[in-house]
Amino acid sequence: MGRWEPGARERLVMAAVDLFTEQGYDATTVAQIAARAGVTKSTFFRHFPDKRELLVAGQETLCTLLAEGIAEAPADASPLGAVAAGLVRASTAMGPASREIAPRLKAAVAASTELQERDALKQVSLAAAMTTALVTRGVPDPAAALASELGVLAFKRGYLEWSDSDRVAEDGFAACLLKALDELRAASASLG
């Protein structure tokens, strides 16, 4: 087995998503995931504590990128302007492999209550990271929380458009995120 080959983490995620889609989350074992990825079980456990963590593998990186983008936004940026900067920064973590795996990931999550719960926790974590970054910038807590929730919703909507559309270029994820945020900004203004 190629346990020392580069890309083991990415291969593990791809193998897990494929197996979750083919046979269901509950029926998939760590041994099957490792075998499909061409690595040993011990290599699996060097990268992930358990199979649940596979689908939130990039969560920490996304939280960091969102917070960095918000922190580095211009000082005069509105809360949503800072969130937009965070979304653009987060988009740098999502390349062609992320786009390729998106439909399979969506199917795997839809088929498993446990994965749906993990996905919901991921969204809470992303919102918390953005809220903290906005509060650090001096944005009052209610406005920071609302802007963060809109940011999470924009991320979800932009990710779906980016991953589902044949028309969107590989590097168009940031544009999809910003478009989704603009649509949500307009929709929230119409609620008034």
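The values are calculated or read from the model by the stated rules, or taken from the named source; none is laboratory data. Values in this document were obtained by computation on a predicted structure and should not be read as measured data. Positions of Cβ are backbone-derived with ideal geometry, glycine not excepted, and every protein chain shown enters the neighbour counts. Protein only, heavy atoms only, side chains kept; ligands, DNA and RNA dropped before computing areas. Shrake-Rupley method; radii C 1.70, N 1.55, O 1.52, S 1.80 Å.
Computed quantities for the displayed model
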| read-out | value |
| --- | --- |
| Residue within the stretch 149-158 that is on the phi < 0 side of the Ramachandran plot, surrounded by fewer than 16 Cβ atoms within 10 Å (Cβ to Cβ), assigned to a helix (DSSP H, G or I) and of a type in the set (V, I, T) present | no |
| Test: residue in the stretch 110-121 that is of a type in the set (K, R), within 29 Å of G24 (Cβ to Cβ) and in contact with a Lys or Arg (Cβ under 8 Å, 6 or more places away or on another chain) | yes |
| Scope the stretch 123-144; condition of a type in the set (A, V, I, L, M, F, W, C) and in a helix (DSSP H, G or I); matching residues | V124, L126, A127, A128, A129, M130, A133, L134, V135, A143, A144 |
| Test: A174 is touching a residue at least 12 places away in the same chain (Cβ under 8 Å), open to solvent by less than 50 Å² (accessible area, probe 1.4 Å), farther than 19 Å from L65 by Cα and over 12 Å from the mean Cα position of the chain (by Cα) | no |
| Subset tally (residues that are of a type outside the set (A, V, I, L, M) and assigned to a helix (DSSP H, G or I)) for the stretch 36-50 | 8 |
| Failed criterion for T28 (all others in (1) outside any helix (DSSP H, G or I); (2) at pLDDT below 85; (3) touching a Phe, Trp or Tyr at 6+ places or on another chain (Cβ under 9 Å) hold) | (2) |
| Residue match in the stretch 65-81 (condition: among the hydroxyl-bearing types (S, T, Y), over 26 Å from D26 (Cβ atoms) and open to solvent by less than 40 Å² (accessible area, probe 1.4 Å)) | no |
| Within the stretch 44-64, considering residues that are among the aromatic types (F, W, Y) and in contact with a helix residue (DSSP H, G or I) (Cβ under 6 Å, 6 or more places away or on another chain), the one surrounded by the fewest Cβ atoms within 10 Å (Cβ to Cβ) | F48 |
| Looking only at the stretch 16-43, and only at residues there that are farther than 23 Å from A102 by Cβ and not hydrophobic (A, V, I, L, M, F, W, C), the one that is least open to solvent (accessible area, probe 1.4 Å) | T43 |
